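Here the structure comes first, spelled out in structure tokens, and everything after it is commentary.
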Amino acid sequence: MAGDSDQERTEAPTSKRLESARSKGDIPRSREMATCVLLLIGGSAVWMFGDKLALSLNHTLVSMLSFEREQAFDTGILFGRIGGDLTEVMVALTPLAFLMLLASVASPLIMGGWLFSTEALAPNFGRLNFFNGVKGIISLNSLVELGKSVLKTVLVGGVAWLVIRNNMDAVMGLAVEPLKTSSSHMGDLLWRCFLTMAAALLVIAAIDVPYQLWSYAEKLKMSRQDVKQEQKDADGNPEIKAKIRAAQRAMARRRMMSEIPTADVVITNPTHYAVALKYSDGEMRAPKVIAKGSDAVAARIRELAGEHRIPLMEAPALARALHAHAEIGDEIPEALYTAVAEVLAYIFQLRTFSQYGGNRPNEPGELAVPPELDPLNPAAIAAAAATAAAIATATGPVR
């Protein structure tokens, strides 16, 4: 049951899923709202420019139905006259056409905004699947579209019938009125009928817009597993990241091991820690740690040091301090300068003895390692505990 609940789409779509859907051309749209906007702007344009358009069309109609005898036998004059009449009609229709074009371009801004997606133009042969087509026919969306069509038919048709019924006397009186008077009255009746039908469509659009937004959000909802997988894809799969980190550590370890033959000395614990140091007079400001490790890595460092005849020196406190407070490639801490200087002086003297003979140098005794740098020193442990207690006191209890 737990597995099933995880697969239920109960989570809101993430920004990445919304962006992915938008890139495929999938955005919320309301055809009812677009149709209503086009009708309202078109009707307003007819109301504003109707008189001028009617006069222009009337003049054109009269001009095309009346012509002189010689024009009938001269096609050049006839075609020129027809071209002039059509130009006059096009000029008269330009404001209406411009407003309708503006409405068709601007209506998507109300819901969804402008969008051009090349992915939506790509061929999708899955749409030719018969079963997918049948599934789409009997889907909830198809039922809703059918319901909207029925509602539009009933609502718009009913509103038109009520307007005509309430103005039946005026409609019947148009037949006995003079032409100019009846034309004016008919335009008024048509305008009122148009406004009421547009208002009915506006009601349908007001219902359709929230439904389309809800339907779009429901369609893009995600299961908990989808959210987790998307988070993994964004942050990287933990298993793959762990393998990458392991590979990086292995590469770093190989690079570190390749530097050991250049070391001047390897300081050991003697078994738990090993730190390889290098110092070039005139090139380095202070000795640097070129390799360090514990347990198995420390054993490998000691092994490589023996193969390349790098001196090993047991100094447990110094090895622990260097391992804890110096990273690979960094200079040693200033507090350990004295202790490391004693070690390097002994190593360089031992190197001179091996080459030229003489008196064998004495191995340094107790090295000056500050107690607070030794992780196993009681003073360092007490200082660490005091620091932790101070932090806990400052931050207060965790709730």
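The values are calculated or read from the model by the stated rules, or taken from the named source; none is laboratory data. Note that the structure is a prediction, hence the values are computed from the model and not measured. A quick note on method: Cβ atoms are made from the backbone with ideal geometry, for glycine too, and the neighbour counts reach across all protein chains shown.
Can you tell me which residue is farthest from Ile301 (Cα to Cα) among those in the range 219-260 that are β-branched (Val, Ile, Thr) and in contact with a strand residue (DSSP E or B) (Cβ under 7 Å, 6 or more places away or on another chain)?
To start, the set of residues in the range 219-260 that are β-branched (Val, Ile, Thr) comprises 227, 240, 244, 260.
Narrowing further to those that are in contact with a strand residue (DSSP E or B) (Cβ under 7 Å, 6 or more places away or on another chain): 227, 260.
Numbers: Val227: 46, Ile260: 7 Å.
Result: Val227.
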Quiz item: Is the range 298-315 home to any residue that is modelled with pLDDT of 90 or more and on the phi > 0 side of the Ramachandran plot?
Solution: yes
Quiz prompt | the range 41-64, residues that are surrounded by 14 or more Cβ atoms within 10 Å (Cβ to Cβ) and farther than 12 Å from Leu96 by Cα | solution = Ala54, Ser56, Leu57, His59, Thr60, Ser63
Self-check item: Filter pass, Ala170 being in contact with an Asp or Glu (Cβ under 9 Å, 6 or more places away or on another chain), in a helix (DSSP H, G or I) and either assigned by TED's automatic domain parsing to the domain that holds Met186 or modelled with pLDDT of 75 or more (or both)
Solution: yes
Practice problem: Kindly list the number of the only condition in (1) under 28 Å from Leu109 (Cβ atoms); (2) at pLDDT below 75; (3) not polar (S, T, N, Q) that fails for Asp51. | Solution: (1)
Quiz prompt | Residues located in the range 305-325, provided they are assigned to a helix (DSSP H, G or I), exposed (fewer than 15 other Cβ atoms within 10 Å of the Cβ) and of a type outside the set (D, E, K, R) | solution = Gly306
Quiz item: Of the residues that make up the range 54-65, is at least one at pLDDT below 75, within 27 Å of Ser104 (Cα to Cα), outside any loop (DSSP other than H, G, I, E, B) and not aromatic (Phe, Trp, Tyr)?
Solution: yes
Exercise. Pull up the range 172-189, narrow it to residues that are surrounded by 13 or more Cβ atoms within 10 Å (Cβ to Cβ) and aliphatic (A, V, I, L, M), then point me to the one that is nearest to the chain's Cα centre (by Cα).
Key: Leu189
Quiz item: Is it the case that Arg17 is at pLDDT 80 or above and in a loop (DSSP other than H, G, I, E, B)?
Solution: no
Quiz item: Looking only at the range 78-119, which residues are at pLDDT 80 or above and of a type in the set (S, T, N, Q)?
Solution: Thr87, Thr94, Ser104
Quiz item: Given the conditions (1) surrounded by 15 or more Cβ atoms within 10 Å (Cβ to Cβ); (2) out of contact with any Phe, Trp or Tyr (no Cβ under 6 Å at 6 or more places or on another chain); (3) outside any loop (DSSP other than H, G, I, E, B), which single one is not true for Ile328?
Solution: (3)
Quiz item: Can you pull out the residues in the range 331-347 that are more than 57 Å from the chain's Cα centre (by Cα) and exposed (fewer than 15 other Cβ atoms within 10 Å of the Cβ)?
Solution: Ala345
Quiz item: Scanning for something hydroxyl-bearing (Ser, Thr, Tyr), out of contact with any helix residue (DSSP H, G or I) (no Cβ under 6 Å at 6 or more places or on another chain), touching a residue at least 12 places away in the same chain (Cβ under 8 Å) and under 14 Å from Ile328 (Cα atoms), does the range 283-295 turn up at least one residue?
Solution: yes
